[in-house]
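The numbers here are math on the coordinates, done by the rules we state, and not lab data. Just so it is clear, the structure is predicted and the values come from calculations on it, not from any experiment. Here the Cβ positions follow ideal geometry from the backbone for every residue, glycine too, while neighbour counts run over all protein chains shown.
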Amino acid sequence: MSDAPVTDVGGIAGERLRSIIERIERLEEDKKGIADDIKDIYAEAKGTGFETKILRQIIRLRKMEKNDRQEQDALLELYKAALGME
């Protein structure tokens, strides 16, 4: 990052732009740190015998509204039945 002062160029407020870019960069660093923490927790779970693929599915399902989850479950059962998987 350059510390040279930035002024308005072509109608763009340089200092405001720099501020926005730096805030995004900080959040990207935070996001990477959080992603690393989540990865560590999955590794811990795997080390204690949990199936991480299933944990990810449970987390995805918990984010869903109950009605959406029920609709998805019903469709899954219907598709499985249509394919003779039941």
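Of the GluC sites (Glu not before Pro) found in region 48-79, those that fall in a DSSP loop while having at most 11 other beta-carbon atoms within 10 Å are Glu51, Glu65. Enclosing the Cα atoms of the chain in their convex hull gives a volume equal to 198 cubic angstrom per residue.
Note that region 1-50, at 10 °C in a medium of 1.306 mPa s, gets a Stokes-Einstein diffusion coefficient of 116 µm²/s from its Kirkwood radius over C-alpha pairs.
Span-like helix criteria (full DSSP H runs; alpha carbon extent of at least 15 Å along the helix axis; mean Kyte-Doolittle hydropathy of at least -1.0) are satisfied in the chain by 14-47, 52-63. Think of the chain as having a plus end and a minus end, set by charges on the Cβ of Lys, Arg, Asp and Glu; of Gly11, Leu78, Thr48, Leu78 sits farthest toward the positive end of this dipole. Within the same chain, aspartates and glutamates fewer than 8 places from Lys32 are excluded, and of the rest, those with a Cα less than 14 Å from its Cα are Asp40.
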